[in-house]
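Data first, discussion second: the structure below is written as C-alpha cells.
What follows is calculated from the coordinates using simple rules that are stated; it is not laboratory data. These numbers were taken from a predicted model, which means no experiment stands behind them. Ideal geometry is used to build each Cβ from the backbone, glycine not excepted, and the neighbour counts take in all protein chains shown.
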Amino acid sequence: MLAAVYRTQGSPDVVEVAEVDKPEPGLSEIRIKVQAAALNPTDASAVLGGFFPAPPEGSLYGLGWDVAGVVDAVGPGTIWQPGQRVIALSYGVPLGLNRAQAEYVVVPSNVIAEAPEGVDPIHASTIPLNGLTAAHSVELLGLRAGQSVLVTGAEGAVGGYAVQLAKRRGLTVVATDLSPEGRFATDVAGADVYVPASPSTIDALRAVRPEGVDAVLDTAMLGQAIIGAVVDGGTFVTTRLDALPQAERNIRVRLTQVGGDAATLTTLSDMASSGELALRVAGTYPLQAAAEAYARLIEGGLQGRLVLTMD
C-alpha cells in the first residue's frame with residue numbers, strides 16, 4: 001500500500017509517498033481503508049523536527065492522526081464489521097509507520113466511532129484529534145453552567161470546537177484570536193464576546209468583564225501572557241506542554257493529554273450528524289501530493305484543516 005512517510009526532518013520536502021506493507025489487525029484491532037486523513041500542526045512538528053525525534057538512520061516514520069474511512073478487516077474481540085463507515089484517531093507519539101495518512105491503517109477499538117451520518121469523509125476526518133483535544137480541554141475546565149471561560153485561538157480548529165462545546169455546556173464564552181472580527185467564533189461557534197488578540201488582550205477582556213473569567217482554555221500557546229485574565233482560584237488549561245504558565249493566585253494549571261476515547265468521539269460524531277458541530281475544510285490534496293499539502297500547512301493562515309484523499 002501507499003503511505004505518506006519521512007526518513008529525516010527539516011522541511012516539507014522530506015515527505016514522500018512510499019510503498020509499505022499493509023498492516024494486519026490483531027486482538028481488538030480494526031483495519032480501515034482510508035478515504036480521507038486530515039493534516040494537523042502536530043504532523044508538521046514531526047516533519048520539521050525540534051519537538052519529536054527524527055527516525056533512526058535507515059528507517060522511516062508514517063504521518064497522520066485523523067482518519068475517516070471504511071472498516072476493511074477486523075481482529076478477534078471487536079464488534080466492528082467490514083463495510084462500516086468510521087472515524088478514528090491514529091493515536092500515539094508519531095514514532096512509527098502505521099499512521100493515518102495511508103491507504104490503510106490499523107487502530108484499536110477504543111479510538112474508533114461510527115462516521116457522522118450525512119457528512120462526507122473529507123469533513124468527517126477533521127473531527128478526531130482536534131475534536132477530542134477540545135472536548136478533553138473543556139472537561140478539564142471543571143466549570144458549571146453559567147461560569148465563564150476565555151478561549152484563545154478561537155478561530156482555529158481546536159479553539160473553534162472548544163467554543164462550540166463550551167457553549168453546549170452552558171458556559172459564557174469570551175473568544176480571542178488574531179482575526180479583527182472573529183466571525184467564525186461568534187457567528188458560527190457561538191461565542192458570547194469576541195476580543196481581538198493583541199498585547200493588551202487582558203485589558204480588552206477586563207473592559208468587558210472587569211472581574212475576569214473563571215477559566216482560560218489556551219489553544220494559542222499564550223501561556224503566561226494570558227493567565228492574568230483568570231480570577232483568583234480559577235483554572236488555566238493549555239493544550240501544549242511547552243505553553244504551561246507558572247501557577248499564581250491559587251490558579252489550577254492543567255494540561256490536556258489526548259488518548260483513545262471512543263465514547264467522546266461518538267458524541268462528537270453524533271453532534272456533527274445533527275449539525276451541532278461545525279466542520280471546516282481549508283482544502284484537499286491527493287495522497288500523492290502530500291509534500292505539497294505539508295508545504296501549505298506550514299505556510300499557515302488556513303481557515304480549517306487540509307485533508308489528504310485516497311480515492
Amide H of VAL151 versus every other amide H placed in the peptide plane: which residues, excluding those fewer than 5 positions away on the same chain, fall under 5 Å?
VAL174, ALA175, THR176, LEU217
In degrees from 0 to 90, rounded to the nearest 10, what is the angle of the helix 157-168 Cα long axis to the longest principal axis of the chain?
60 degrees
I'm spelling it out carefully: the read-out is Cα extents along the principal axes in Å, the candidates are [x] 51, 43, 40; [y] 59, 40, 32; [z] 74, 45, 33, and one was derived from this structure. Which label?
[y]
Mind putting a number on the dipole of the stretch 184-293 about its Cα centre? Charges go on the C-beta only, +1 for Lys and Arg and -1 for Asp and Glu, and I need it in Debye to the nearest 20.
200 debye
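Roughly what % antiparallel, to the nearest 5, for the DSSP beta bridges in the stretch 130-255?
If we restrict to bridges inside the stretch 130-255, about 0 percent are antiparallel.
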In what order do SER59, SER45 fall by count of nearby beta-carbon atoms within 10 Å, going from fewest to most?
SER59, SER45
Using the Cα centre of the chain as origin and beta-carbon charges of +1 (Lys, Arg) and -1 (Asp, Glu), tell me which of ILE32, VAL158, GLY75 is placed farthest towards the positive end of the dipole.
VAL158
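Tell me, what is the percent relative contact order of the chain, built from C-alpha pairs under 8 Å that lie six or more residues apart?
Taking the mean separation of contacting Cα pairs over the length of the chain, I get 20 percent.
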Amide H neighbours of SER90 under 5 Å, counting only residues 5+ apart in sequence or on other chains, H built in-plane at 1.01 Å?
ASP66, VAL67
Mean-position separation - Cα centroids, the stretch 216-270 and the stretch 9-72, in angstrom:
27 Å
GNM on the chain, Cα springs under 10 Å; top mean-square fluctuation among GLY223, GLY233, GLY160 goes to GLY233
Cβ charges +1 (Lys, Arg) and -1 (Asp, Glu), total dipole of the chain, debye
560 debye
Using +1 at the C-beta of Lys and Arg and -1 at the C-beta of Asp and Glu, which of GLY233, THR126, LEU89 has the Cα lying farthest in the positive direction of the dipole of the chain?
GLY233
Quick check on the exposure proxy: order TYR6, TYR61, TYR91 from fewest to most C-beta atoms within 10 angstrom.
TYR91, TYR61, TYR6
Under-5 Å amide H pairs with ARG254, H placed in peptide plane, nonlocal only:
PHE236, VAL237, THR238
Explain nothing, just compute: Karplus ³J(HN,Hα) = 6.51 cos²θ - 1.76 cosθ + 1.60, θ = phi - 60°, for every residue of the stretch 290-303 in order, whole Hz, x for Gly and Pro.
4, 4, 5, 4, 5, 4, 5, 4, 5, 4, x, x, 8, 10
Helix 262-274: angle to the longest alpha-carbon principal axis of the chain, degrees 0 to 90, nearest 10?
80 degrees
Once phi is turned into ³J(HN,Hα) by the Karplus curve 6.51 cos²θ - 1.76 cosθ + 1.60 with θ = phi - 60°, what whole-Hz value does each residue of the stretch 110-122 show in order, with x for glycine and proline?
7, 10, 10, 8, 4, 5, x, 5, x, 10, 6, x, 4
From the phi of every residue in the stretch 252-257, what ³J(HN,Hα) in whole Hz does the Karplus formula 6.51 cos²θ - 1.76 cosθ + 1.60 yield, where θ is phi - 60° and glycine or proline is x?
7, 9, 10, 10, 6, 10
